[in-house]
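No value in this document is a laboratory result; all are computed from the given coordinates. For clarity, every value in this text was computed on a predicted model and none was experimentally measured. Ideal geometry is used to build each Cβ from the backbone, glycine not excepted, and the neighbour counts take in all protein chains shown.
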Amino acid sequence: MRVLQIASLYPPKMLGGAEVSARNLSDLLATAGHEVLVVRASDGEEPEGEECIAPRIRVARLKTPHIYPVFRFYDAQSWKKPVWHLQDHFDQRLRAAFGRILDDYSPDLVNVHLLQGLGYPLLREVAKRRIPVNYVLPDLGLACFRMNMFKNGKDCAGHCAPCALSTRYKLGLIRQQSSVSFVSPSRANLETLSRHFPVTDYPHAVILNPNTYPRPTRGRTQSDDLRLLYAGRIHDSKGVEMLLGAVEALARDRRVTLTLAGQGQQEAELRARFGDAPWCNFLGFISHQELADRMMESDLLCIPSIWAENSPGVVIQALGLGLPVMGSARGGIPELVRDHENGRLVHDTTLSGWQDALSAVLEAPEALKGWRSTALAEAYRFDARTIGRQMLDWMEASAGRSAPRQ
């Protein structure tokens, strides 16, 4: 196949784990013998153009008309964001350039990984050419401007008026396509989205992201301390402040440490409050290789999210290495973590709830050994080759669903 992948964010330009999954999918397709052209947004300073980044993988950069590039989204002034979203929905200026890419490349399938930041009007060009579309669902973007239906520290009870209008507009674009299929890495994400967008009216599947992760360069170490690890964005929706507060209380009379890997909006604030504590270590951004090594020096990965995560890649990486996970019982996390088998699910996602859950592990640390054994025994669940074959079969079927082009 010739696959055109729309991924406004794509390594090395990244804001989160979805970009890692986009790159892994490109590598999977190329390894299977398919040709891949990734279309991403430039950062505003890069020239438009195309480059080959690996055998069978090319990347085309498009300079968007947005008031700021998607890479600057979290740093943008609040008054600019409504303008940016309006452009993302209705600005037509990028269509001609994208249409030329479609005509030159003539793909068999358009894989939409992340459209926000390039603009939804690009779908009109795909529809004009009757190219089948496989739409990956790394978030709730089809139903929510913020991608997560989470605001002011809690899940949205329903659709606000702006998001409802946005959803109606996006559905109109989807209905123009000759063929559309949807794939989500978690059932929870698919079910949540289906309450606001009719994804289940179309061919759909739940398939984990076929990500590969580097193997550790060191063996597992032991410690008398309970060594906790957090890896992800330092953002209020991730519950990092709650986790820090819980560990701070426990560290007064318990042997426990917390290492945090990642960057984000709350990083400076939380470093100022907790960074000098002897039990706390902020690493900032680290590579996947260094993260794998850190996992071998940890006893428990903590995912204290207070919003409904989709399918966190860091959980899959940890369990594949035999590192137990303590995660909030939200979103797709319970599809990966089984309570008291390969980790713990925390149903009370408050500071006291997390403090109690961690305290229980400190009081009975022998449970970690059983969780670690189960995780190692079930590492096959996350074998990238098996998951990759499922994804390839799905995408090949999606390409074959198109009506004949005219």
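A crude spin-label estimate for the pair Asp104 and Ser194, with each label 7 Å from Cα along the Cβ direction, gives 4.1 nm.
Under a 5 Å amide H cut-off, with hydrogens placed 1.01 Å from N, Lys151 pairs with Cys156 among residues at least 5 apart or on other chains. Annotation for region 2-31: trypsin sites (Lys or Arg not before Pro) lying in DSSP loop with at most 11 further Cβ atoms inside 10 Å of their Cβ do not exist. Sparsely packed loop sites in region 1-96 (the chymotrypsin sites (Phe, Trp or Tyr not before Pro) outside DSSP H, G, I, E and B with at most 10 other Cβ atoms within 10 Å) comprise Trp79. Place a point 7 Å from the Cα of Glu48 along the Cα-to-Cβ direction; which residues of region 65-109 have their backbone N under 12 Å from it? Correct set: 65, 93-101.
Ordering 115-128, 315-328 by mean Cβ neighbour count within 10 Å, with the highest value first, yields 315-328, 115-128. Relative to the longest principal axis of the Cα atoms of the chain, the long axis of helix 367-377 lies at roughly 40 degrees. Could you tell me whether region 86-242 comes out rounded, prolate or oblate from its Cα gyration tensor? Rule is a ≥ b ≥ c as square roots of the eigenvalues, rounded for a/c under 1.5, then prolate if a/b exceeds b/c, otherwise oblate. Note, shape of region 86-242 comes out prolate. Remark: region 19-33, residue by residue, has Karplus-estimated 3J(HN,Hα) of 5, 4, 5, 4, 5, 4, 5, 4, 4, 4, 4, 5, 4, 7, x Hz, where x stands for each Gly or Pro and the curve is 6.51 cos²θ - 1.76 cosθ + 1.60 at θ = phi - 60°. Could you check which residue among Ile53, Ile234, Ile286 shows the biggest mean-square fluctuation in a GNM of the chain with a 10 Å Cα cutoff? Between Ile53, Ile234, Ile286, it is Ile53 that shows the largest mean-square fluctuation. Cα gyration tensor of region 226-382, axes a ≥ b ≥ c as square roots of the eigenvalues: rounded (a/c below 1.5), prolate (a/b > b/c) or oblate? It is rounded, given that a/c, with a ≥ b ≥ c, falls under 1.5.
In this structure, the amide hydrogen of Ser179, modeled 1.01 Å from its nitrogen in the peptide plane, lies closer than 5 angstrom to those of Val133, counting only residues at least 5 positions away or on a different chain.
Every helix of 4 or more DSSP H residues in the chain counts as -39500 (n - 2.57), and over all residues that averages to -10500 deg cm²/dmol at 222 nm. Straight-line cross-link partners of Lys170 among the aspartates and glutamates, defined as a Cα under 12 Å from its Cα and at least 8 positions apart when in the same chain: Asp88. The phi-based Karplus calculation (6.51 cos²θ - 1.76 cosθ + 1.60; θ = phi - 60°) puts the 3J(HN,Hα) values of region 253-270 at 9, 10, 8, 9, 10, 9, 10, 10, 10, x, 10, x, 4, 8, 4, 4, 4, 6 Hz, whole numbers, x for Gly and Pro. Taking a straight line from the alpha carbon of Lys154, these aspartates and glutamates sit under 20 Å away, with near neighbours fewer than eight places off in the same chain left out: Asp139, Glu191, Asp236, Glu241, Glu309, Asp348. Each of the peptides 214-227, 290-303, 264-277, 190-203 was scored by the mean count of other Cβ atoms within 10 Å over its residues; in descending order, highest first, they stand as 290-303, 190-203, 264-277, 214-227. Karplus-based coupling profile of region 71-78, in residue order and whole Hz: 5, 9, 4, 6, 8, 5, 5, 4, with θ = phi - 60° in 6.51 cos²θ - 1.76 cosθ + 1.60 and x standing for Gly or Pro. Set against the labelled values (i) 37, 23, 20; (ii) 34, 26, 21; (iii) 32, 25, 23, semi-axes √(5λ) of the Cα gyration tensor in Å computed from this structure falls on (i). Of the GluC sites (Glu not before Pro) in region 339-404, the ones in a loop by DSSP (not H, G, I, E or B) with at most 10 other beta carbons within 10 Å are Glu366. Principal-axis analysis of the Cα atoms of the chain puts helix 384-399 at an angle of about 20° to the longest axis.
With respect to the chain, whose longest principal axis is taken over its alpha-carbon atoms, helix 80-90 is tilted by about 40°. Under 5 Å between amide hydrogens, built in the peptide plane, is the criterion, and for Arg344 it picks out Val325, Met326, Gly327 among residues at least 5 positions away or on other chains. For Lys80, the lysines whose Cα comes closer than 19 Å to its Cα, not counting residues fewer than 8 places off in the same chain, are Lys63, Lys151.
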